[in-house]
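Notes follow the structure.
What follows draws every value from the coordinates through simple rules; no lab data is involved. Source: prediction; values computed, not measured. Note that each Cβ is placed from the backbone with ideal geometry, even for glycine, and that neighbours are counted across all protein chains shown.
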Amino acid sequence: MPEQTLAEAWGLAPAVLGVVAVGLILGLVVAAVDRAVVVGGTVGTVAAPLRDGARLLFEQRRTTLAPDRLLWRLGCAAVPTLALLSLAVVPVGGRTLWSTSADLVWFNAMEALLWAAVWLVGWGPNAVHALTGGYRFLAQGLAYELPLMFALITAGLAAGSLRTTDVVTAQEGLWFVVTMPVAFVVFVASAAAFAFWGPFTAPAGPDIAGGVTSELSGVDRLLVDLGRAVFLGAAAAMATALFLGGDAGPWLPGPVWFLLKTFAVVTALVWVGRRVPVLRPDRTVEIGWMVLVPMTLLQALVVAVLVLNGFYA
Amino acid sequence: MTELSGWAFTAVAVLGVLSVAAGIAVFVVDSMARATFALLASFLAVAGVLLALDLVYLAVVTALMMTIEMAVMAVFMIMFMMNPAGLMPMTMVHNAKGSAVIGAATFVVLAVGIWTIDWPTRNPPRPDDSTRQLGEAIMGSHMLVMLVIGISLFATILAGTVLATARGRYDRFGPDLDADRPDDPVPGGFRR
Amino acid sequence: MHHGGEVAGLAMASTGPDRDGLELDVLKVALGPVLPGWPTGLVLRADLQGDVLTSAELAWLDADTRPAVEPDRAPQEAALDRLARFLDVAGWPTAARDARRARNGMAERANRDEAQRLAEAVTRRVNRSRTLAWTAGGIGGRGSGGDVLDRVRRWCDMASGQLVEDLPATSLKDVAALVEGAEIGSARLIVASLDLRPVQAASASEHVHA
């Protein structure tokens, strides 16, 4: 393990603070770009999410009749926590907060835990729309989980390691997106799906009056919305690390390249995602199982054959 | 135990207690959702123990699999009970006597096993990468076993689904399987 | 398993047969009277199993106290408004925004040409969207009058300024028949795609009284 993790280099507390700060910045970038595309960009675009967040912070909580308060609060708090934890293994500027020998699986596990968290957010308030949203998220999750896993594993397969820093190093010759475009697209789409954002908003869809978020107010809504934005930002950063060469690039310092690429992924994602209506889950899950799973498996097969031929060596 | 650092030892002890406590909570709480998530908390504590023992892959996979399992369980156990938030308190214990006997017996067998097995005492050098070591063990000498287990699990899942579903391909595509579009109550993503 | 009874003043769900031949819990819900994209005052009372409406009944709240005359609007503006509301429910905020901008532009009458251009652009975008056709097509088409997609395309034609012949008004009973057996989200789309006005219901009930 030649590389140092951020925690080893800076000490644990400053490193955690650094990752939280990066997470919040990424979340803000996502929210601002999204707002610019949906509402139209103006001077206040960056300030608007901050203003909304501050307003939510001081808003009084609404409640419902006979909620399961413990599980509800737990779910709301878990969403942003998991988003930040998934960011812990993303090598921003060549270093992760902590490096494990199974970073890719860690990232996947955080996103699986999000299932539980979002389901709790839907279950807690004891309301029909919220509960329906929670179940939609699970159905959506079951359908995108396997393609996402295969996409992640494909990158790990080519690098011969589940460590994200190794995956970045393995792309010195050629970015992985060139040989695994399917995995890249599936990964980014799944990222939108697990942040239930854009065309995959169904769990919080307007057709069920906001779904899991329908009964949220005040701090709870802030936490869930923040978590979604940070998740999307973290996933864009992960896509940059896994498929777009991480912080590789000429002239500019590595971290700047990394953030630029992440910003480009976010912008592309939002721009494409906001051009289409919400995809109803009873349509998307069939595509997930019947098209995406075989396609990502084929992608993994192609990469495996390339690995055996020494293409990535 | 001796090679564990003080920090890891404390973590293992605390998480162990936590996992047992969460396990007990499964039977104490009176709502299905709380029972499900108490069980998940117990499993996550076990994952934490594995993490403290520096078995990252096993820890993360435990968290991943158990979360998905609990989520699927939530779907099947609670989804069609349409009282959001599990309003009606219900007991989480069925066949209390039988399960107590089974639980106690399992505990005795495991405890006896732990204390009587002649665990290897030599200290092999810790591998740099426990994930790689695990992968080599699974994919190397135990490949055949793993493949057989994997395929039989997959076959079980498919068989279970086939047995559980009331509608087969003849219902969907007609007696000669020649319908252009399947006849489904809810059309799926392929609008064939 | 306990069923029936009350907890926290709420009636508990009871069971009923579902479409797969199982006995599942049924929850009685009321959707409305204020839901995004739906006409204000419309209430859908339904039995819900999972996310499927097993029985549905629609009604207008306070239909007789509402002013009987709608604000006088050109059909094109009204169609743009309907389209924007549907696009809200379908989760397409950018298209809904453009439809509203076109509607506002028409109402101001200052930049009519520009508003007309915007209206044509947004209706063309909605009309040609394969994604919308894929995701919203094929639902709510039982009986006559086409499915949700056909009705939306009709709104699009009206919104871009074409003359479209009036469809016979849909009664709430017909709507209830359309949404029965639909998933809750599809039911929302189906109702949002229809042209429902409380005025008709109010006058109809007056007839009954007279």
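Once you've got the GNM for chain B with C-alpha springs shorter than 10 Å, pick whichever of B:Val109, B:Val29, B:Val12 has the biggest mean-square fluctuation.
B:Val109
Checking a compactness column here: for segment A:96-184, what do you get for Rg(Cα) / (2.2 N^0.38 Å), N being the number of residues?
On the way: Rg = 16.6 Å, N = 89, 2.2 N^0.38 = 12.1 Å.
With N residues counted in segment A:96-184, Rg over 2.2 N^0.38 Å equals 1.37.
Based on the Kirkwood radius over alpha-carbon pairs, what is the Stokes-Einstein translational diffusion coefficient of segment A:144-213 at 20 °C with 1.002 mPa s viscosity, in µm²/s? Write out the running numbers ahead of the final one.
On the way: Rh = 13.4 Å.
For the chosen part, D equals 159 µm²/s.
Of all chymotrypsin sites (Phe, Trp or Tyr not before Pro) in segment B:120-192, which ones are in loop regions per DSSP and have a Cβ with at most 16 other Cβ atoms within 10 Å? Walk me through the numbers before you get to the answer.
Values: sites: B:Phe154, B:Tyr170, B:Phe173, B:Phe190; in loops: B:Phe190.
Sparse-neighbourhood loop chymotrypsin sites (Phe, Trp or Tyr not before Pro): B:Phe190.
Could you tell me the ratio Rg/Rh of segment C:6-64? Both radii from Cα atoms, Rh via Kirkwood. Don't skip to the end; give the middle numbers.
On the way: Rg = 13.6 Å, Rh = 12.8 Å.
In segment C:6-64, Rg relative to Rh is 1.06.
Specify the angular offset, from 0 to 90 degrees and rounded to the nearest 10, of the alpha carbon long axis of helix A:103-123 from the longest principal axis of the alpha carbons in chain A.
So the helix axis and the longest Cα principal axis differ by about 10 degrees.
GNM, chain B, Cα, under 10 Å: largest mean-square fluctuation among B:Met32, B:Met70, B:Met146?
B:Met146
Using a ≥ b ≥ c from the Cα gyration tensor of segment A:31-119 (square roots of the eigenvalues), is it rounded, prolate or oblate, where a/c under 1.5 gives rounded and otherwise the larger of a/b and b/c decides, a/b for prolate? Could the numbers behind the result be given before it?
On the way: a/c = 2.58, a/b = 1.14, b/c = 2.26.
Taking the square roots of the gyration eigenvalues as a ≥ b ≥ c, segment A:31-119 is oblate.
How many percent of the alpha carbon pairs in chain B exceed a separation of 30 Å?
Numbers: 8333 of 18336 pairs.
When every Cα pair of chain B is considered, 45 percent fall beyond 30 Å.
Can you compute the label reach from A:Ala9? Point 7 Å from Cα along the Cβ direction, backbone N cut-off under 17 Å, restricted to segment A:79-104.
Inside the label zone: A:87-100.
Between B:Ile24 and B:Asp171, what length comes free when the chain is fully extended (0.36 nm per residue of separation minus the Cα-Cα distance, one decimal in nm)?
On the way: separation 147, 0.36 × 147 = 52.92 nm, distance 4.59 nm.
Difference between extended and current length: 48.3 nm.
For segment C:89-197, how big is Rg over Rh, using alpha carbon atoms and the Kirkwood form of Rh? Write out the running numbers ahead of the final one.
Working: Rg = 14.7 Å, Rh = 14.8 Å.
Taking Rh as the inverse mean 1/r over Cα pairs, Rg/Rh reads 0.99.
Using 18 Å as the cut-off for backbone N distance, which residues of segment C:40-61 belong to the label zone defined by a point 7 Å from the Cα of C:Arg73 along Cα→Cβ?
C:40-42
Over 20 Å intervals from 0, what percent of Cα-Cα pairs in chain A sits in each interval?
Computed distribution, short to long bins: 34, 58, 8, 0.
So what is the relative contact order for chain B, in percent, with contacts set as C-alpha pairs under 8 Å and at least six apart?
On the way: 127 pairs, mean separation 30.8, N = 192.
Relative contact order here is 16 percent.
Fewest Cβ neighbours within 10 Å first, please rank B:Asp184, C:Asp147, A:Asp68 accordingly. Write down the numbers at each step before the final one.
Details: B:Asp184 12, C:Asp147 18, A:Asp68 21.
In order of increasing Cβ crowding within 10 Å: B:Asp184, C:Asp147, A:Asp68.
As a check on your grasp of the helix formula, calculate [θ] at 222 nm for the protein assembly as shown: sum -39500 (n - 2.57) over DSSP H runs of n ≥ 4, divide by the residue count, round to the nearest 500.
On the way: 28 runs with 431 residues, N = 715.
Only helices count here, giving -20000 deg cm²/dmol.
For segment A:102-136 and segment A:10-35, what is the separation of their C-alpha centers, rounded to whole Å?
First find each Cα centre; the distance between them is then 22 Å.
If each of C:Asp166 and A:Thr63 carries a label point 7 Å out from its Cα toward its Cβ, how far apart are those two points in nm?
My value for the distance between the label points is 5.2 nm.
Starting from the alpha-carbon convex hull of segment B:88-173, give the projected area averaged over all orientations, in nm². The partial results should precede the final answer.
Numbers: hull surface 52.0 nm².
Projected area, direction-averaged: 13.0 nm².
Using a 7 Å offset from the Cα along the Cα-to-Cβ direction at both C:Arg45 and B:Met143, what is the distance between the two label points in nm, to one decimal?
6.7
Sort B:Phe76, B:Phe9, A:Phe137 by Cβ crowding within 10 Å, fewest neighbours at the top.
Details: B:Phe76 8, B:Phe9 13, A:Phe137 28.
Result, fewest neighbours first: B:Phe76, B:Phe9, A:Phe137.
Bin width 10 Å, alpha-carbon pairs only: give the P(r) of segment B:100-150 as whole percents, running from 0 to the bin holding the largest distance.
19, 23, 37, 20, 1
Can you pull the one-decimal nm distance between simple spin-label points at A:Trp271 and B:Trp119, each 7 Å off the Cα toward Cβ?
Those two pseudo-labels are separated by 5.8 nm.
What is the mean number of Cβ atoms from other protein chains located within 10 Å of the Cβ atom of each residue in peptide B:60-70, rounded to a whole number? Walk me through the numbers on the way to the answer.
Values: counts 14, 5, 1, 7, 10, 2, 4, 9, 9, 1, 5.
Across the residues of B:60-70, the mean count of other-chain Cβ atoms within 10 Å is 6.
Ratio to report: Rg/Rh of the protein assembly as shown, with Cα atoms as the point set and Rh obtained by the Kirkwood method; give two decimals. Provide the component values of the computation, followed by the final result.
Numbers: Rg = 27.6 Å, Rh = 28.0 Å.
Reported Rg/Rh (Cα atoms, Kirkwood Rh): 0.99.
Using a 10 Å cut-off around each Cβ, can you sort A:Val219, A:Val188, A:Val291 from fewest to most neighbouring Cβ atoms? The partial results should precede the final answer.
Details: A:Val219 17, A:Val188 23, A:Val291 13.
In increasing order of surrounding Cβ atoms, one gets A:Val291, A:Val219, A:Val188.
With springs only between Cα atoms under 10 Å, which of A:Met110, A:Met290, A:Met180 fluctuates most in a Gaussian network model of chain A?
Its mean-square fluctuation being the largest, the pick is A:Met290.
Using only the alpha-carbon atoms, how far is helix A:47-58 inclined from the longest principal axis of chain A? Give it as 0 to 90 degrees, nearest 10.
The angle comes out near 50 degrees.
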